[in-house]
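What follows is a single structure, written as structure tokens, with notes after it.
The values are calculated or read from the model by the stated rules, or taken from the named source; none is laboratory data. Being a predicted model, the structure only gives us computed values, none of them experimental. Using ideal geometry, Cβ is built from the backbone for each residue, glycine included, and neighbour counts are taken over all protein chains shown. Each accessible area value is taken on the protein alone, full model and side chains, heavy atoms only, with ligands, DNA and RNA left out. Shrake-Rupley method; radii C 1.70, N 1.55, O 1.52, S 1.80 Å.
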Amino acid sequence: MNTEPSRRTVLVVEDEPKLAQLLCDYLEASGFGHHWLDNGLDVAPWVRLKSPDLILLDLMLPGKDGLEVCQELRADSIVPIIMVTARVEEVDRLLGLDLGADDYICKPFSPREVMARIRAIFRRLDRMQNPGLHETGIVVDAERHAIRFNGHLLELTATEFRLLSLLSSRPGRVHSRDRLLDCLHDEGQAASDRTVDSHIKNIRRKLARVAPDRDIVLSVYGAGYKVEA
Ligand code: CA
């Protein structure tokens, strides 16, 4: 069975259709899921229903402005919010209001810059959720059943996901093949040391696609495997 990790989804709240389309195109190209809302009234209900991973929130909106929407969201949500304003001077005022937005961007903006800010927020979140990140570059998102390596989403089978999660939970520590065999329990067949080795080989191949010059999963002769500390 292949796990199909869902992409991170960004909600674009913007009443100018062309701008919204441009942002959605860039989000798509950057590998993010996206959804567009063109007014402030629909935001909080949609967020409650769909739990996006980040919101790009325009300040001037029909229905309810970005200020109100941000306050409404912050009452019960910690979803990262990037506030988009039309004027530089406004940023100071917004900062003073202490709305709890994570970042501010001024129009006109370069979509590349917006993507960079989004990635920066996700990197920060990854680091908070996984303090071992700078050691290995591996980030396990247990909730989504996904693993990122140096920011790249790995396409792993369920077994590979379990093996790599275990190995990377304690970088530097050697895990015996017996211990790793426990990860294969639901394979429905007699798993052997050899099976472990073949899964590890596949994991290494997928890691090498991201970082060809680094050995992340090391075999320790006669003992088992470890993830480089
Ligand atoms: Ca607007």
Sequence-distant aspartates and glutamates (8 or more away, or on other chains) whose Cα lies within less than 18 Å of residue 201:
155, 160, 178, 182, 187, 193, 213, 215, 228
Taking 112, 204, 74 and ranking on accessible area (1.4 Å, protein atoms only), highest first, one gets 112, 204, 74
Let me make sure I get this right: for the stretch 17-86, a, b and c are the square roots of the gyration tensor eigenvalues over alpha carbons, sorted descending. Under 1.5 in a/c it's rounded, otherwise prolate if a/b > b/c, else oblate. Which is it?
oblate
What number, in percent, do you get for the relative contact order of the chain if the mean sequence gap of Cα pairs under 8 Å and at least 6 apart is divided by its residue count?
15
May I ask you to list the lysines whose Cα is less than 25 Å away from that of residue 64, ignoring any residue fewer than eight positions away on the same chain?
18, 50, 107
Helix-derived mean residue ellipticity, 222 nm - over the chain, DSSP H n ≥ 4, -39500 (n - 2.57), to 500:
-13000 deg cm²/dmol
Report, largest value first, the span of the C-alpha coordinates of the stretch 133-227 along each principal axis, in whole Å.
34, 29, 21
Give me the Kirkwood hydrodynamic radius of the stretch 9-129, using the inverse of the mean 1/r over all pairs of distinct Cα atoms, in Å to one decimal.
14.3
How large, in Å, is the stretch 68-119 by the Kirkwood hydrodynamic radius built from its alpha-carbon pairs?
11.7
Straight-line reach check, residue 206, cutoff 25 Å on alpha carbons, 8 or more apart in-chain or any other chain, hits among lysines -> 226
Carbon and sulfur atoms account, in whole percent of the 1.4 Å probe accessible area of the chain, for 50
Can you check how the C-alpha radius of gyration of the chain compares to 2.2 N^0.38 Å, as a plain ratio?
1.23
With DNA, RNA and ligands ignored, accessible area of residue 169 (1.4 Å probe; Å², nearest 10)
70
Magnitude of the charge dipole, the chain, Cβ model with Lys/Arg +1 and Asp/Glu -1, debye to 20
1060
Could you order 197, 182, 58, 213 so the one with the most accessible surface comes first? Probe is 1.4 Å.
213, 182, 197, 58
